[in-house]
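For reference, the structure discussed in these notes is given below.
The values are calculated or read from the model by the stated rules, or taken from the named source; none is laboratory data. Because the structure is predicted, anything quoted here is derived from the model rather than measured. Cβ atoms come from the backbone with ideal geometry, glycine included; neighbour counts cover every protein chain shown. Calculation scope for accessible area: heavy atoms of the full protein, side chains included, ligands and nucleic acids excluded. Shrake-Rupley method; radii C 1.70, N 1.55, O 1.52, S 1.80 Å.
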Amino acid sequence: MPIPTPTAEAAGAWPPIDVEQLAQLAREFFSATPGNPLPAGVPSGPLPQPTTTQAAGLGAAVPGLNLLPSGPDQVANLVRPAAPRLPHAAAPNGLPDALVTGLPGLDSRLGGFVVGVPPLAPTPPRERDAGPFYFIDPARHPGAHGHHAGAVPDLAARSATRTPFDVHAIRRDFPILAERVNGRQLVWFDNAATTQKPAAVIERLTHFYEHENSNVHRAAHTLAARATDAYEKARATVARFLNAGSAEEIVWVRGCTEGINLIAKSWGAQHIGAGDEIVVSHLEHHANIVPWQQLAAEKGAVLRVIPVDDSGQIILSEYQRLLGPKTKLVSITQVSNALGTVVPVHEVVQIARRHGITTIVDGAQSVSHMAVDVQAIGCDFFVFSGHKVFGPTGIGAVYGRRDVWEKTPPWQGGGNMIADVTFERTVYQPAPARYEAGTGNIADAAGLGAALEYVERIGLPAIARYEHELLAYATAALKPIPGLRLIGTAADKASVASFVLQGHEPAEVGRALSEEGIAVRSGHHCAQPILRRFGVEATVRPSFAFYNTCEEIDRLVAVVRRLARA
């Protein structure tokens, strides 16, 4: 592929430009604020694609090529660019990584901001003033949909009435997606295990440690106040994201596993007794099985299981037959991590509530794929992990209704969760502090808040639509492969495509994909009961997020087809 070099200027490829005039225009541009008109002489329409790059074969869809400089001081660099670096390895999709990262004048803080992804700020878009720039007013975004051309035949027609979803702009916000593995551009299809982090989250963590690092609540100094504000602002963001009644209903934990253990060892220890019944489904992750087994063994309670049909969906009629006067708790996943099945948790919870049964929803796999409204669901508890929704590891949250928290004792003792201590007695703080003994994960809480704000900016309805189309594309491409069996075919699924391939162990398939730079999970996914329900011990599990593309799915399918032929 031809690469433009500085010598092209001498040949007339670079048109003569008045640098002083261009710098002046840039200063006027950056002096404009959202809601104010553009200065005279600054164009307000969509930015043209650089023709020199198109001539090099990259085309208009390549991320980052229509970026404006982040300030007037970068204008000269845009006008007289340095030579782009040659790629050290050719990516299979024809896009060399070094060429894009070597383009001049790109500010990583902007990412997809100037190509259509709304800015990351805590205020929802509907509360912002409309501005003259299309990247601040999403309704004016002129970008194209980011799909592979063959993904869905009528995609263009169905996208015409929607706000465009520019996957290439979004991908620029995730630095790790430029990584190369075994000489190939990384394809991250292990999102059900953990999601990658946008620059906004990485920079939020850096900002905390550079400007806010302190313990919270315990000191009357500036950094303690900053840290406390960051910690509690993130709690309020989680409450808004889940539509909780208040921030006081949100308790910080390390993740879903710790959240379920918190409920089991606090609420469960107080309310579950001998002969009582705990109901879970066949779909559950081990984290929503083992704590209840431990509690049942300790209390003499009974664990009962909702069966699933051959598609991997729970059988509601069988669930209703399980409930009785001894049922004290129903704890169920919203999305299966092994199969992708979307469970009708609203119906499950409403049936339980009619019997006066407490309910828990495990949202580890749902919060990154669909909008969650805990008040509409009606559950007593909801748990999720930050690293599943583009936030840091080691942080998660438990939502609990205020009246349920008031009846729940603390599960750990220590600092920060007490109002008063003597050697004779302890008075505990109300929720949420009562359940947060010791120093919390302050920086990662702030990082989780940034991740949720990022997701809110893109919009979960748009994310759900795009990921559904990815899943449909992957399913249609995988099903015809000889010897391939999809595990989990429920009508309502999130973007997980578990499969086994005849004649090949899942670990072997996973290694073959990794050799091509494609990351998938192969194994039992901490969900052995549901895999054994389908007669397998392990599967290959590609799982998709909104930064994945159909081109990447094509790469996966090509490897699996090659293995099938062998």
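For the stretch 479-493, a tally of residues being crowded, with 21+ Cβ neighbours inside 10 Å and on the phi < 0 side of the Ramachandran plot returns 2. Within the stretch 336-353, at least one residue is open to solvent by 10 Å² or more (accessible area, probe 1.4 Å), of a type in the set (Val, Ile, Thr), within 23 Å of Glu537 (Cα to Cα) and not in a loop (DSSP other than H, G, I, E, B). Among the residues of the stretch 494-507, some residue qualifies, meaning at least one is among the aliphatic types (A, V, I, L, M), open to solvent by 10 Å² or more (accessible area, probe 1.4 Å) and either modelled with pLDDT under 95 or assigned to a helix (DSSP H, G or I) (or both). Applying the condition of being small (Gly, Ala, Ser) and surrounded by fewer than 16 Cβ atoms within 10 Å (Cβ to Cβ) to the stretch 421-463 and asking which residue is nearest to the chain's Cα centre (by Cα) yields Ala462.
Ile260 meets all of the listed conditions (1) open to solvent by 40 Å² or more (accessible area, probe 1.4 Å); (2) part of a helix (DSSP H, G or I) but one, namely (1). The lone criterion from (1) open to solvent by less than 10 Å² (accessible area, probe 1.4 Å); (2) in contact with a Lys or Arg (Cβ under 7 Å, 6 or more places away or on another chain); (3) within 19 Å of Gly324 (Cβ to Cβ) left unmet by Gly268 is number (2). Annotation: of all residues in the stretch 359-379 being among the polar types (S, T, N, Q) and either part of a loop (DSSP other than H, G, I, E, B) or under 18 Å from the mean Cα position of the chain (by Cα) (or both), the one that is surrounded by the most Cβ atoms within 10 Å (Cβ to Cβ) is Gln365. Which of the residues spanning the stretch 306-335 are surrounded by 17 or more Cβ atoms within 10 Å (Cβ to Cβ) and closer than 30 Å to Val500 by Cα? Result: Ile306, Val308, Gly312, Gln313, Ile314, Tyr319, Ser331, Ile332, Thr333, Gln334, Val335. Every listed requirement among (1) open to solvent by 70 Å² or more (accessible area, probe 1.4 Å); (2) of a type outside the set (Phe, Trp, Tyr); (3) over 25 Å from Gly414 (Cα atoms) is met by Thr237 save one, (1).
Quick grid of which residues meet (1) under 18 Å from Gly396 (Cβ atoms); (2) at pLDDT 95 or above; (3) open to solvent by less than 30 Å² (accessible area, probe 1.4 Å); (4) touching a helix residue (DSSP H, G or I) at 6+ places or on another chain (Cβ under 7 Å):
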| site | (1), (2), (3), (4) |
| --- | --- |
| Ala157 | no, no, no, no |
| Phe165 | no, no, yes, yes |
| Glu179 | no, yes, no, no |
| Gln196 | yes, yes, yes, yes |
| Glu212 | no, yes, yes, yes |
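Restricting to the stretch 279-337, name every residue that is closer than 18 Å to Gly363 by Cβ and among the aromatic types (Phe, Trp, Tyr). Trp292, the sole residue that qualifies.
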